[in-house]
Amino acid sequence: MPASNKPLTILLASPRGFCAGVDRAIQIVERAIECYGRPVYVRHEIVHNRFVVENLEAKGAIFVDELDEVPDDRPVVFSAHGVPKAVPAEAGRRNLLYVDATCPLVSKVHREAERHHESGRRVVLIGHAGHPEVIGTMGQLPAGAVLLVENVSQAEALEVSDPGNLAYATQTTLSVDDTTGIVGALRRRFPSIQGPKMEDICYATTNRQAAVKAIAGRCDALVVIGAPNSSNSMRLVEVAANYGCTRSRLVQRAVDMDWDWLDVDWHEGARRLGITAGASAPELLVDELIEACRARYDVTVEEVRTTEESVVFKLPRQLVA
């Protein structure tokens, strides 16, 4: 049977794609270009998606690694992942006009860490070393004030000088299941440890993982559209594998799709492909992949929605006319 006639059912996870924090960050860059003219500098990728970054570059954004690459007379936007306190301090020292696009949910974690530090507690941060959000959160407090824990084994081995005076916070884009295990280990070892009333993992990360869990067991293969440096996208691949679809992988765009991987061991009858997108991947890339599937298969799309989202974050006051 020709590949183009093979039946393919796409199980489309929902919610997927852009979250409120990503949408706000992109709007901030676009609005800053409107307000201040081209170019507007952006420290680090505004969100972890090359398609988004390249679109903003075409509109007049220039992405840089550090503030010393920003001219004194141009504005700079800080990415959605958050920055250490030293960054806005340096911008202020240079009298740079800056706009902070940090996701409000990340800012909430920053405030929690500061509150615990001011109360004399040692802060344990659950997260991935080297991730911009983790660097930003640890950079809210003096060097050495935050202990980073990446997994259960590190939580079990953690040694502190004052075990009765601890608090924890979490990176917002972690696996819900992994974080539950780490928090459980910390609470067992340090029963008085303080933490947020709800986990710091953001609503969008939680919802996208729940949607993948709902379809993974029904899929022969599952694709997450996202970037390899996107924590929330990589966690979706892991969640799919853990919940019944071991053939799960990350794809940045339709052009990167390995069709031989999808076709392998294709048996008679319909095949089910799960599709979702990380929180920094635009819906356009989902549509692009579905159209690429239609060009090769007889496609039926079934959207599986697990919850509705209505969260919207306001733009910074300085950008509101």
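The values are calculated or read from the model by the stated rules, or taken from the named source; none is laboratory data. Since we're looking at a predicted model, the values are computed, not measured. Reconstructed Cβ throughout: ideal geometry from the backbone, glycine too, with neighbour counts over all protein chains shown.
Would you please name the residue that is farthest from Ile46 (Cα to Cα), looking only at residues in region 123-158 that are surrounded by 22 or more Cβ atoms within 10 Å (Cβ to Cβ) and small (Gly, Ala, Ser)?
Step by step, filter region 123-158, then rank; the result is Ala155.
Among the residues of region 74-111, write down those that are among the basic types (Lys, Arg) and either assigned to a helix (DSSP H, G or I) or free of Cβ contacts under 8 Å to residues at least 40 places away in the same chain (or both).
Arg74, Arg93, Arg94, Lys108, Arg111
Look through region 159-175, keep the residues that are surrounded by 16 or more Cβ atoms within 10 Å (Cβ to Cβ) and not hydroxyl-bearing (Ser, Thr, Tyr), and return whichever of them is farthest from Val22 (Cα to Cα). If you could, list the steps in order and put the result at the bottom.
Residues of region 159-175 that are surrounded by 16 or more Cβ atoms within 10 Å (Cβ to Cβ), as a first pass: 165-175.
Narrowing the set further to residues that are not hydroxyl-bearing (Ser, Thr, Tyr) leaves 165-167, 169, 171, 174.
Values: Asn165: 35, Leu166: 31, Ala167: 28, Ala169: 21, Gln171: 16, Leu174: 16 Å.
The residue in question is Asn165.
Take the conditions within 30 Å of Thr306 (Cβ to Cβ), outside the structural domain of Ala143 (by TED's automatic domain parsing), basic (Lys, Arg) and in contact with a Cys (Cβ under 8 Å, 6 or more places away or on another chain) and apply them to Arg24. Does it pass? Don't jump to the end; show me each part of the working.
Details: within 30 Å of Thr306 (Cβ to Cβ): yes; outside the structural domain of Ala143 (by TED's automatic domain parsing): yes; basic (Lys, Arg): yes; in contact with a Cys (Cβ under 8 Å, 6 or more places away or on another chain): yes.
Yes; evaluated as a whole, the condition is true for this residue.
For every residue, the table says whether it meets (1) assigned by TED's automatic domain parsing to the domain that holds Val212; (2) closer than 22 Å to Ser233 by Cα; (3) more than 26 Å from the chain's Cα centre (by Cα); (4) aromatic (Phe, Trp, Tyr).
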| position | (1), (2), (3), (4) |
| --- | --- |
| Leu8 | yes, no, yes, no |
| Leu11 | yes, yes, no, no |
| Arg43 | no, yes, no, no |
| Asn49 | no, yes, no, no |
| Val52 | no, yes, no, no |
| Glu69 | no, no, no, no |
| Arg74 | no, no, yes, no |
| Val77 | no, no, no, no |
| Ala91 | no, no, no, no |
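At least 2 residues that are surrounded by 15 or more Cβ atoms within 10 Å (Cβ to Cβ) and among the aliphatic types (A, V, I, L, M) in each: list the helices (runs of 4 or more DSSP H) lying fully within region 202-321 that qualify.
Working: elements: 203-216, 231-242, 259-263, 283-294.
Here the list reads 203-216, 231-242, 283-294.
With the checklist (1) outside any loop (DSSP other than H, G, I, E, B); (2) more than 27 Å from Leu285 (Cα to Cα) in hand, flag the one item Arg31 doesn't pass.
Against the list (1) outside any loop (DSSP other than H, G, I, E, B); (2) more than 27 Å from Leu285 (Cα to Cα), Arg31 comes up short only on (2).
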